[in-house]
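Worksheet: the structure to be examined is printed underneath.
The values are calculated or read from the model by the stated rules, or taken from the named source; none is laboratory data. Treat the numbers as computed from the prediction; the structure is a model and nothing was measured. Cβ atoms come from the backbone with ideal geometry, glycine included; neighbour counts cover every protein chain shown. Note: accessible area is taken over every heavy atom of the protein model, side chains too, but ligands, DNA and RNA are not part of it. Shrake-Rupley method; radii C 1.70, N 1.55, O 1.52, S 1.80 Å.
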Amino acid sequence: MTKWPTAGLGFGGDYNPEQWSPDVWDEDVRLMTEAGVNIVTLGVFSWGALEVADGVFEWAWLDRVIDLLHRNGISVDLATPIASPPAWLHAAHPGILPVNADMTQRRPGARDGWCANSATFRRYALRMTKELARRYAAHPAVVLWHVGNELGGGNGRCYCDESVTAFRAWLRERYGSLDNLNRAWGTAFWGLYLTDWSHVPAPRGGETHNPALMLDYDRFCSDSLLEHFRAEHVVIREFAPTTPITTNFMVGPHQDVVDYPHWADHVDVVANDHYTNPSDPLSAQDIAFCADRVRGMTPGRGPWLLMEHSVSAHAWYPVNRAKAPRELIRDSLGHIARGADGALFFQWRASLRGAEQFLQGMVPHAGPDSKIGREVRELGAVLARLADVRGSTVERARVAVLFDNEAGWAFSRGLKPHKGLGYGDEPRAWHRALWTRNVLADVVSPWADLSTYDLVIVPTLFLVHDECAARVASVAQRGGVVVVTWMSGIVDPENAVRPGGYPAAFRDLLGVRSEEFFPLQPGERGRLDSGATFHSWSELMDVTDAEIIARYAGGAVAGGPALTCRAVGSGTAYYVSCALEPASLDEFVGQVLDDAGIEPSGGGAGLDVVRREKDRTVWVFALNHGDEDRCVTVQGVELVTGEAVDHELVVPGHEVRVVRQTR
């Protein structure tokens, strides 16, 4: 079992001392100690400061910083600094820079200026990693290794010749022969037969490419970046045989740039970066959804690490509003409540120069005597009081929401009936309806073990394997409840449409058959005879063996079935053929929860209540996202304020309370 890098909950962030003069370092460490920081991520963008010329290394400044941190009891998550290749490397080898789909090459001067399939870059990156590991692997401060930074975040797709050559080799291994590839891709359409491996294209330019080709290129690019991670992992392991190794994922509300659930088994600690969208009115639910996704890909639903989030204003959106008072603390504890065993930020001290100069740090431009500074110190004190939470797990969820990156890539590529829809929209809508009712859900991959769930929701799972469809059906057979939505089970793993009517992979389970899609225009709304309303999507459907719950009340499919229910084994399978509006979806989810015998965890609307458990101890996290005071019935010791709670806990607006109970 991997040793967790901190004694209690991790607290700290990215530390970039190379941006500052050495006299600032002492002040930084003093402020870190005052705030309760116990770990920092070091060296993420430091390649050019460490290898100042080809093969010429300067270690003195990093030696000094690591020793200074160690003397003050602060551990180090040491990053391999490959995120930003130095200028001398780009000048000597410009071919390592990624090439965009339109065949324009990226220019030096930003981060992520490297291609995962560049043999030249790989050689230099592994040398840098080897020298770093050789020097610091035995240092007692280094408790975690951190490969790169947000792998694929700025270079997730490269279309250079070296990448295309690697893609062809990847396809050859996957398919074995051109006959198999031609069949899988359906190259007979438009006469795109391939007769030589050297003719295999990449999805370059603005052409209308084969969706099977595009899906395979997405898979290949994810595998290429994973291969680079694994190569660095091998180098580090040579010098650090037991220290955990990770990289920071970017799990968000839509399909990811790489397939993180397939990466999760290759890291010793699952770590995630999460930044809320300032324009999202439900950013708290975004935190919950993404945290539930990360937990769902963590082995055994165990703890994970929040490697980065923001203390306040972002830098990447059109309008980057600052976080309101208490939002910093509430956001951080929102991740902790849902399984994180640490809350780290980007970054420790806000930069004065550079592209992200207005992305605030734990020490903001205003200094430590500020709203941010005070809340950072308060959060550090709260996390210290919650130290025993480390190693606990989130209570067992009875609901699973299926989410898959391959399905998302397939959903989002090529010509589709409605190009204005995003893959993550429907999974998040169903999760939101559960979250609003205080029902915990794991957001998991279709190949996950579903045997412990009483309700499984399958929202727009466009691509699905036969084995996964069978696993979903088994939930209903054993007495559970399954809900399948529109645009699910449409294509197979080769991105080929499953014939016979939609939703093909789930047709027998649901007892329905849709003939045609009838997407709605932007702004258009429809109504069912039950009074429910919907947007974006409807279908012409007939029922083969199911009960009709609601019919379309108007439009081209008026009178046709819209919502159905079928008894399966000792359970139930529902089909939702339209995109229900939030109020109607909430009402429908309430009916489904009643059917599954699942009750909310308490708190009511606006109060997010989640429990973590370890041995005989339970921690009840109650996060109030609204303006008004909210109450929850609970007994124990409240750890934020130190008050004893006898029966009813009052959580003031915008505040968080954590009650420790002993069973």
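Could you tell me what a quarter of the Cα convex hull surface of the stretch 309-392 works out to, in nm² with one decimal place? Intermediate results must be reported in sequence, preceding the final value.
Numbers: hull surface 22.8 nm².
Directional mean of the projected Cα hull area for the stretch 309-392 stands at 5.7 nm².
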Open item on the list: Along the charge dipole of the chain, pointing to its positive end and built from +1/-1 on Cβ of Lys, Arg, Asp and Glu, which listed residue (Val235, Val568, His146) has its Cα farthest out?
Closed with: Val235
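Using a 1.4 angstrom probe, figure out how much accessible area the chain has per residue, in square angstrom, rounded to the nearest whole.
Values: 25360 Å² over 663 residues.
Roughly 38 Å² per residue, with all protein chains present.
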Task: Of the GluC sites (Glu not before Pro) in the stretch 1-105, those whose Cβ has at most 12 other Cβ within 10 Å and which sit in DSSP loop - done: Glu58
Task: Charge dipole (debye, nearest 20) of the stretch 430-480; +1 at Cβ of Lys and Arg, -1 at Cβ of Asp and Glu - done: 220 debye
Task: Cα-projected label distance for Ser570 with His199, points at 7 Å along beta-carbon direction, nm - done: 5.8 nm
Task: Share of Cα-Cα pairs in the chain lying beyond 45 Å, as whole percent - done: 22 percent
Task: Separation in nanometres of the label points that stand 7 Å from Cα toward Cβ, at Val637 and Ala169 - done: 5.9 nm
Open item on the list: Leaving out ligands, DNA and RNA, and with a 1.4 Å probe, what % of the accessible surface on the stretch 537-614 is carbon or sulfur?
Closed with: 47 percent
TODO: Under 4.7 Å Cβ to Cβ, no partner at all: give me those cysteines from the chain, in residue order.
DONE: Cys160, Cys221, Cys290, Cys468, Cys565, Cys578, Cys631
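Tell me the carbon and sulfur percent of the accessible area for the stretch 305-406, rounded to whole percent, probe radius 1.4 Å. Spell out each step's value before the answer.
Numbers: 1910 of 3490 Å².
Summing carbon and sulfur atoms, their accessible area is 55 percent of the total for the stretch 305-406.
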- [ ] With runs of 4+ DSSP H residues as the only contributors, calculate the mean residue ellipticity of the chain at 222 nm using -39,500 (n - 2.57) per run, divided by the residue total and rounded to the nearest 500.
- [x] -9500 deg cm²/dmol
- [ ] Kindly provide the Kirkwood hydrodynamic radius of the stretch 131-188 in Å, to one decimal, from all pairs of distinct alpha carbon atoms.
- [x] 15.4 Å
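Treat every Asp and Glu Cβ in the stretch 288-331 as -1 and every Lys and Arg Cβ as +1, leave all other atoms uncharged, and give the resulting dipole magnitude about the Cα centre to the nearest 20 debye.
Working: 7 positive and 4 negative charges, 23 e Å.
Dipole of the stretch 288-331, to the nearest 20 debye: 120 debye.
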Open item on the list: Please compute the modelled spin-label separation between Met103 and Glu131, points set 7 Å along Cα→Cβ, answer in nm with one decimal.
Closed with: 3.7 nm
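Which order, highest average first, do 366-372, 618-624 follow once you tally other Cβ atoms within 10 Å for each residue and take the mean per peptide? Intermediate results must be reported in sequence, preceding the final value.
Working: 366-372: 15.0, 618-624: 23.7.
My ranking of the peptides, most packed first, is 618-624, 366-372.
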TODO: May I ask you to list the aspartates and glutamates whose Cα is less than 17 Å away from that of Lys416, ignoring any residue fewer than eight positions away on the same chain?
DONE: Glu207, Glu406, Asp425, Glu426, Asp492, Glu494, Glu515, Glu516, Glu539
Task: Charge dipole (debye, nearest 20) of the stretch 418-555; +1 at Cβ of Lys and Arg, -1 at Cβ of Asp and Glu - done: 460 debye
Open item on the list: Full-extension gain between Asp179 and Glu378, please, as 0.36 nm times their residue separation minus the C-alpha to C-alpha distance.
Closed with: 65.3 nm
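Between Arg321 and Asp542, what length comes free when the chain is fully extended (0.36 nm per residue of separation minus the Cα-Cα distance, one decimal in nm)?
Details: separation 221, 0.36 × 221 = 79.56 nm, distance 4.87 nm.
Length difference between fully extended and current span is 74.7 nm.
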